[in-house]
Amino acid sequence: YIDAAMVGHIGASATASIGIVSSSTWLLHGMLAGLYMSFSIQVAQYLGADRQEDARGVLRQSMLFNLFVGLAAAAFGIGISRYLPGWLGADPALQADASAYFAIWSAALPFTMATGTYSSMLRSTGDALTPGLISVATCLLDIVFNFFLITPTRTMVVAGRSFTVWGAGWGVPGAALGTALATAIGGLCALGFLLLREGPLCIRKPGSWHITKACLQNLWKVGAPLAAERAVLSSAQVLLIRIVSGLGTTAIAANSLGVSAESLCYMAGYGIQDASLALVGQAVGANRRDMAKNFAWLCTGMGIGIMALTGVGMYIFAPNLMGIFTADAAVIALGAQVLRIEALAEPMFGASIVASGAMQGAGDSTGCFVLNLVSMWGIRLTLASLLAPHFGLVGVWMAMSFELTMRGVLFLVRLVRGRWLDKGALA
């Protein structure tokens, strides 16, 4: 999101170059995130059951998993980067920058996985502050690196005095490199906390590095549906980008930056999702079904309330939010229009985000996969393909708003029924 915002001053084409491959970054990262989240769910449940040695064993196995899978994913992303923009129907003028961005982003995947895995591990222990600070630091570093790597050397005036500021002038590839460097530092910081700080997951304590049958069983039981869920959501986004790519550069840029602006509203929901996963996971591990259910409803209610408020803000300040990311008047106008459509769905979007985290913390990742499959592929894609030819980008976002509302309803119904608690603790 920072990259899309900071290349916005270059022009709509630079923004569109990132936007055209953004759904593919979601797809690749989402599948990996689904797998590494299964490790943090195991850790939360083991800590709830006071099985600290087992929790540290899962952490060690996750480190090995990150190393091998992260490198393989990086090689895969770099390998397809040359062809990906063409597969997505990008304009030839956008393909060089889009390919370079995706290749550099892919090269940093081992560090991206490290950041996600070790931050989620810290949250599983009840420490949400440390990974939050790491995320903030990573974003600030991204801004600093991008500042010097995107724009060429220029003269800036501060308090009436002129300064020459060095810049690499690498444009879109410079934004990718800035993100890669910031992510690498963030991943190493998260690993450093687990290595150096005392606590239930301190891996300096004695323990085995062997891959265990229980961990593999839990990885398959929870991780496979989680990865499938992320693949379902992100592959649908890829197809949506394919639909949007036929609507022109302005629509691509407005769609990409609209998603970035919306993220300022829904990221709070994902923060509460992390909390619900850890809280419900520990309660299930302690065999406290009553506590798990209370945590699930408390967190879901918070998610709905907070995202309702941010939705109101998004509706009122839609043009201002778009103005943060670009100065292009046409992009701002179209982006503000679609943001106001999306704002209506934010409360139910919050319900689906947080309720899914609670269910996943209880081990019910299969149920979440099925609900997202029905919602994304059965509702959003169908409606978007029908509405886009008649209403353009507005039609795509109308489909998105309706689908997110229905997704929230589906998750609330499952939360009420309580079957998600029947999965029980992991092995």
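Tabulated results
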read-out: Yes/no for L194 being part of a helix (DSSP H, G or I), open to solvent by 80 Å² or more (accessible area, probe 1.4 Å) and among the aliphatic types (A, V, I, L, M); value: no
read-out: Residue check for L201: surrounded by 19 or more Cβ atoms within 10 Å (Cβ to Cβ) and part of a loop (DSSP other than H, G, I, E, B); value: yes
read-out: Condition check for D54: more than 20 Å from the chain's Cα centre (by Cα), modelled with pLDDT under 90 and closer than 19 Å to L195 by Cα; value: yes
read-out: Qualifying residue in the stretch 379-386 (condition: outside any helix (DSSP H, G or I), of a type in the set (D, E, K, R) and in contact (Cβ under 8 Å) with a residue 60 or more places away in the chain); value: no
read-out: Condition met for V394 (closer than 20 Å to A224 by Cα and out of contact with any Asp or Glu (no Cβ under 7 Å at 6 or more places or on another chain)); value: no
read-out: Search result, residues across the stretch 330-363 that are at negative phi and in a loop (DSSP other than H, G, I, E, B); value: L344, A345, A362
read-out: Unmet criterion (only one of (1) small (G, A, S); (2) within 19 Å of D3 (Cβ to Cβ); (3) part of a helix (DSSP H, G or I)) for S119; value: (2)
read-out: Filter result (in a loop (DSSP other than H, G, I, E, B) and more than 28 Å from I104 (Cα to Cα)) within the stretch 156-191; value: A159, G160
read-out: Those residues of the stretch 372-400 which are open to solvent by 60 Å² or more (accessible area, probe 1.4 Å) and of a type in the set (A, V, I, L, M), in sequence order; value: L373, V374, L386, M398
read-out: Failed item in (1) among the small types (G, A, S); (2) touching a Gly at 6+ places or on another chain (Cβ under 9 Å); (3) assigned to a helix (DSSP H, G or I); (4) open to solvent by 10 Å² or more (accessible area, probe 1.4 Å), with A327 passing the rest; value: (3)
read-out: Single residue of the stretch 9-29 satisfying the filter (in a helix (DSSP H, G or I), open to solvent by 20 Å² or more (accessible area, probe 1.4 Å) and among the hydrophobic types (A, V, I, L, M, F, W, C)) that is farthest from A330 (Cα to Cα); value: L28
read-out: Single condition M348 does not satisfy, out of (1) at pLDDT below 95; (2) open to solvent by 40 Å² or more (accessible area, probe 1.4 Å); value: (1)
read-out: Condition broken by D127, with the remaining ones in (1) outside any loop (DSSP other than H, G, I, E, B); (2) surrounded by 16 or more Cβ atoms within 10 Å (Cβ to Cβ) satisfied; value: (1)
read-out: Qualifying residue in the stretch 314-328 (condition: closer than 27 Å to G357 by Cα and without any contact (Cβ under 8 Å) to a residue 60 or more places away in the chain); value: yes
read-out: Odd one out for A175 among (1) surrounded by fewer than 21 Cβ atoms within 10 Å (Cβ to Cβ); (2) farther than 24 Å from L129 by Cα; (3) not β-branched (V, I, T); value: (1)
read-out: Failed item, numbered, when I2 is tested on (1) open to solvent by 20 Å² or more (accessible area, probe 1.4 Å); (2) under 30 Å from T212 (Cβ atoms); (3) within 23 Å of the chain's Cα centre (by Cα); (4) of a type in the set (A, V, I, L, M); value: (2)
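For (1) among the small types (G, A, S); (2) closer than 30 Å to A49 by Cβ, each residue gets a yes or a no:
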| residue | (1), (2) |
| --- | --- |
| R340 | no, no |
| A343 | yes, no |
| P347 | no, no |
| I353 | no, yes |
| A358 | yes, yes |
| G361 | yes, yes |
| L371 | no, yes |
| V374 | no, no |
| G378 | yes, no |
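The values are calculated or read from the model by the stated rules, or taken from the named source; none is laboratory data. Given the structure is predicted, the values throughout are model-derived calculations rather than measurements. So basically every Cβ, Gly included, is an ideal-geometry build from the backbone, and we count neighbours across all protein chains shown. Note: accessible area is taken over every heavy atom of the protein model, side chains too, but ligands, DNA and RNA are not part of it. Shrake-Rupley method; radii C 1.70, N 1.55, O 1.52, S 1.80 Å.
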